[in-house]
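Undergrad: Got a structure here, written out as structure tokens. Questions coming.
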Amino acid sequence: MAFKKKKTTEEEMQELQGAAEAVEPAEKKNPEDLTMEDLPGIGPKGAQKLKEAGYSELISVAAASPGEISAACGISTATAEKIIQSARSMLDMGFKTAADLQERRKEVGKITTGSKSLDALLGGGIETQAITEAFGQFGSGKSQIGFQAAVNVQLPKGEGGLNGRCIFIDTESTFRPERITQLAEAKGLDPKKILKNIFIAKAYNSDHQIVLAEKAKELIKEHNVKLIVVDSLMSHFRSDYSGRGELAPRQQKLNRHMHALQKLADTYNVAIYVTNQAMARPDMMFGDPTTHVGGNIVAHASTFRLYLRKSKANTRIARLIDSPNLPEGEAVFTLTEKGISD
Ligand code: ADP
Ligand code: MG
């Protein structure tokens, strides 16, 4: 039996990289956009090998032990160790100081809702780097806030906007361009321009909704999107997972969806506004007889939670339920043909 010389780490790395693969100078990428192919010395061939072995993302490589990678890819533990170290250094896995975080927080933008009192309740408006959830019964104004924000985000920075565009994920087919036109005209804006800056995606089911949110990345980067509206968050999840015993898988998918939204908010400094139906709770004798759908997953994932209810004529009451830095409180606003106002 011929003696087979043990390969060196360098030889193994070269092999993983594929033949004649020129090492291109790594262009500066956003850490969020780094993929397995970007691992130094790995190349498409090595990335493929890792993926086949079940390591689909950099983070899974970073979290693996050299023994696991070595066994899965048929390479030495020394080479595996090198790959893991590269994955770890590429991913920002360290701690940030509170000062760094404060720097990032300085970039937070706020979109006016059109009502000063509602803005004040939210600490200045609908924030970027956060998920704002509005829940309430039918007709309470959840979608109207979304429409208004889709218009207002386009305003200049000094006027309550972020000079940005909007992605609107419509799951209930209630988006109406006519209503946007009305809101734009009320502000003296050109409706055609305003409509062009709102990307609508109709989600046909919960999986489609998840994919739409995860694909939004490209659109956000290329078109300066500053607001994503999901109206409504739960309707598909409710109908797709309505059977008994389906709650656990539903919550799992929902969790993934909420995380993807939060990641977009953090990475691209966009505001996320989601609506959520509230169901009447006839069994509740005391307190508020409505409860919101989605349970703890949505409650925990939302940074700000507004509970909306109808009041006299065209007034609505918003209550801030949950916020990391603002007191609970209420705001009264008006819903008219012209949109949201005090
Ligand atoms: P939901 O909370 O179910 O999403 P909406 O946000 O769509 O409800 O709010 C519906 C309410 O908005 C209507 O009941 C009405 O009071 C108001 N509204 C919607 N469009 C107009 C309009 N063009 N003019 C005046 N009020 C409107
Ligand atoms: Mg609605």
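The values are calculated or read from the model by the stated rules, or taken from the named source; none is laboratory data. Note that the structure is a prediction, hence the values are computed from the model and not measured. Because the Cβ atoms are built from the backbone with ideal geometry, glycine has one as well, and the counts that use them run over all protein chains shown. Side chains are part of the model used for accessible areas, which takes the heavy atoms of the whole protein and leaves out ligands, DNA and RNA. Shrake-Rupley method; radii C 1.70, N 1.55, O 1.52, S 1.80 Å.
Undergrad: Taking the Cβ of residue 9 as the center, what net charge do the other residues with Cβ under 10 Å away carry, scoring Lys and Arg +1 and Asp and Glu -1?
TA: After counting each charged neighbour, the total is -2.
Undergrad: How large is the helix-only mean residue ellipticity at 222 nm for the chain, computed as the sum of -39500 (n - 2.57) over DSSP H runs with n ≥ 4, divided by its residue count, in deg cm²/dmol to the nearest 500?
TA: Values: 14 runs with 140 residues, N = 342.
Rounded to the nearest 500, the figure is -12000 deg cm²/dmol.
Undergrad: Might you report the magnitude of the Cβ-based charge dipole of the chain about its Cα centre, with Lys and Arg at +1 and Asp and Glu at -1, to the nearest 20 debye?
TA: In total the dipole reaches around 680 debye.
Undergrad: Right, here's the next one. Grab the Cα-Cα distance for residue 322 and residue 78, subtract it from 0.36 nm times how many residues apart they are, and report the gain in nm with one decimal.
TA: 82.9 nm
Undergrad: Can I ask one more? Among 39, 326, 306, which one shows the biggest mean-square fluctuation in a GNM of the chain, springs joining Cα atoms closer than 10 Å?
TA: 39
Undergrad: Using a 1.4 Å probe, what is the accessible area per residue for the range 195-254, in Å²?
TA: Accessible area per residue: 52 Å².
Undergrad: Further question on the same structure: Could you tell me what percent of the accessible area of the range 51-182 is made up of carbon and sulfur, with a 1.4 Å probe and every protein chain present?
TA: C and S atoms contribute 53 percent here.
Undergrad: OK, next. Could you state the accessible area per residue of the range 29-88 in Å², with a 1.4 Å probe and every protein chain left in place? Working shown, then result.
TA: Values: 2800 Å² over 60 residues.
I get 47 Å² per residue for the range 29-88.
Undergrad: Moving to a separate point now. For residue 130, what residues show an amide H to amide H distance below 5 Å, using hydrogens built from the backbone and excluding near sequence neighbours?
TA: 272
Undergrad: Related question: Provide the packing ranking of 227-238, 97-108, 168-179, 73-84, i.e. peptides ordered by the mean count of other C-beta atoms within 10 Å per residue, highest first.
TA: Top to bottom by mean Cβ count within 10 Å: 227-238, 73-84, 168-179, 97-108.
Undergrad: Let me ask you something else. With springs only between Cα atoms under 10 Å, which of 126, 69, 111 fluctuates most in a Gaussian network model of the chain?
TA: For the chain, modelled as a Gaussian network with Cα springs under 10 Å, the answer is 69.
Undergrad: If packing is taken as the average number of other Cβ atoms within 10 Å across a peptide's residues, how do 6-13, 250-257 rank, most packed first?
TA: Highest-to-lowest ranking by the protection proxy: 250-257, 6-13.
Undergrad: Follow-up question, since we're still on this one. Quick one: work out Rg over Rh on the C-alpha atoms of the chain, Rh as Kirkwood radius. Before the final figure, lay out the partial values.
TA: Values: Rg = 24.2 Å, Rh = 22.5 Å.
My calculation puts Rg/Rh at 1.08.
Undergrad: If one takes the longest principal axis of the Cα atoms in the chain, at what angle in degrees, from 0 to 90 and to the nearest 10, does the Cα axis of helix 177-186 lie?
TA: That works out to roughly 60 degrees.
Undergrad: Something else now. Can you list the residues, at least 5 places off or on another chain, whose amide H is less than 5 Å from the amide H of residue 305, using H built in the peptide plane?
TA: 133, 321, 322
Undergrad: Below 12 angstrom from the Cβ of residue 178, what's the summed charge of the other residues (Lys, Arg +1; Asp, Glu -1)?
TA: 0
Undergrad: Then there's this: With everything on Cα atoms, drop me the angle between helix 247-268 and the longest principal axis of the chain, reported from 0 to 90° to the nearest 10.
TA: It works out to around 90 degrees.
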